[in-house]
Amino acid sequence: MKWDAVAPRAAAWRQRGGYFSWRPEKPDASAVDVFHIEIGDPGLPVLVLVHGFPTSSVDWFDIAARLSASFRVCALDFPGYGFSGKPPGWGYSIPRDAELLEFYLSEVLNARSAIVLAHDRGASVALVHAAGCADGSCRVGLEHLVLTNANIFLPLANLRESQRLMLHEPAASQPFGQMTPDALAQLLGATAFTPARSSADQEIEAIASALAHDNGMAVLPETVQYLAERAAGEQSWLEALAASATPTTLIWGMSDTVAPPRVATFVWDRYLMLKPGRNSLYLVPDANHYIQNDRPDALADIVLRALDPAAATTPGAITAAPGSPLLIDCSRRALPAAAEVLTTPQA
């Protein structure tokens, strides 16, 4: 796509960012140009926004502006996505992106610690990063992990048929070799946003521009292989998180049908409710998979609340406004017996 054809929202995002060159430690891939952006005072705490599949950091356009008053907001496009390089056969993978995330935090941002807010596929990258922080193998401390709408437990996911097709060659090359960036962006707009968005919507136009950059549609069958990695690793990643003291917050749009709320509630009940650290679960009405676009104000409010140690922990709506986000639960050391609930005053 020519520069003058890039959607205004995508062009504005790209113009605010820059590039660095990165090469994985294993010598089986060439160096690639990585797009990144920073917004806010460099002296503020670092908040890194981690995008999902098949989109890019431009998804964070609205939320980045809202959080930049409190944080040094940083985001990057992983290789194969957005405005980063997309060489075919490069070896796209979740562990490789976790390696890049560590490099970005330590060498590009020179951060000592960071808060990570991750969405969709980015949540798996963040979970691998969190596991490394828990075992002491990462160089940058993880202050808080925030995960939004991601199929981090695949048995409860509703994968689209298109995602399944791309996992298997040669079927993958047929429908997606013919699909245009505009068509894929329109599909996302119709199914992953509430209310649905048309092709004329500025965010849908931005997604199409990012997909078109550097012939991005050609590497989709390669980048979607993360689903197989997630299937193999999700249990160990969640178990590592459950054993860690990293404060963790789940924030879920309730209208999501691909990564439905049952994913979040299951992960909360099985892995996070009794884990060490200050952990919480929120649901957001009137928000779909792209919660950061559907309800950016609500997401920003929850992030600030989750990071505030003085915030109330009583379940319920966090404000009196219609459509207020709901605090569903906060972690505790142990569940009381049923009889204790009836006889012991609750904090």
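The values are calculated or read from the model by the stated rules, or taken from the named source; none is laboratory data. Computed from a predicted structure; not experimentally measured. Virtual Cβ from ideal backbone geometry, glycine too; neighbours counted across all protein chains shown.
Listing for the model above:
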read-out	value
Subset of region 313-347 (residues that are touching a strand residue (DSSP E or B) at 6+ places or on another chain (Cβ under 8 Å), loosely packed, with under 12 Cβ neighbours inside 10 Å and in a loop (DSSP other than H, G, I, E, B))	Thr314
Top-ranked residue in region 248-305 [being in contact (Cβ under 8 Å) with a residue 24 or more places away in the chain and among the acidic types (Asp, Glu); ranked as farthest from Gly323 (Cα to Cα)]	Asp256
Top-ranked residue of region 35-49 - restricted to ones that are crowded, with 24+ Cβ neighbours inside 10 Å and of a type in the set (A, V, I, L, M), ranked as nearest to Asn149 (Cα to Cα)	Leu49
Residue match in region 64-72 (condition: among the charged types (D, E, K, R) and within 21 Å of Gly141 (Cα to Cα))	yes
From the options Asp269, Asp297, residue that is more than 29 Å from Ala134 (Cβ to Cβ) and in a helix (DSSP H, G or I)	Asp297
Near pairs, Cβ below 8 angstrom, 6+ apart or cross-chain, from region 199-216 (free of Cβ contacts under 8 Å to residues at least 24 places away in the same chain) to any residue that is of a type in the set (S, T, N, Q) and in a helix (DSSP H, G or I)	Ser199/Gln186; Ile204/Gln186
Selection within region 119-153 - hydroxyl-bearing (Ser, Thr, Tyr) and either crowded, with 23+ Cβ neighbours inside 10 Å or closer than 17 Å to Arg278 by Cα (or both)	Ser124, Thr148
Condition met for Gly52 (buried (at least 24 other Cβ atoms within 10 Å of the Cβ), touching a residue at least 12 places away in the same chain (Cβ under 8 Å) and in a loop (DSSP other than H, G, I, E, B))	yes
Residue under evaluation Gly80, criteria (1) within 24 Å of Tyr282 (Cα to Cα); (2) buried (at least 24 other Cβ atoms within 10 Å of the Cβ); (3) out of contact with any Cys (no Cβ under 9 Å at 6 or more places or on another chain), criterion not met	(1)
Pairs with Cβ under 8 Å, 6+ apart, first in region 329-343 and closer than 28 Å to Trp252 by Cα, second part of a helix (DSSP H, G or I) and modelled with pLDDT of 85 or more	Asp329/Trp268; Ser331/Leu272
Matching residues in region 104-118 - criterion: being within 14 Å of Arg23 (Cβ to Cβ) and crowded, with 18+ Cβ neighbours inside 10 Å	Tyr104
Criterion (closer than 25 Å to Ser70 by Cβ, touching a Ser or Thr at 6+ places or on another chain (Cβ under 8 Å) and among the aliphatic types (A, V, I, L, M)) met by exactly one of Ala312, Ala317, Ala321	Ala317
Close pairs (9 angstrom Cβ cut-off, 6 or more residues apart or separate chains): free of Cβ contacts under 8 Å to residues at least 60 places away in the same chain in region 72-85, among the aliphatic types (A, V, I, L, M) and assigned to a loop (DSSP other than H, G, I, E, B) anywhere	Arg72/Leu44; Arg72/Leu109; Arg72/Ala111; Val73/Leu44; Cys74/Leu109; Cys74/Ala111; Pro79/Ala29
Yes/no for Arg305 being surrounded by fewer than 20 Cβ atoms within 10 Å (Cβ to Cβ), part of a helix (DSSP H, G or I) and in contact with a strand residue (DSSP E or B) (Cβ under 9 Å, 6 or more places away or on another chain)	yes
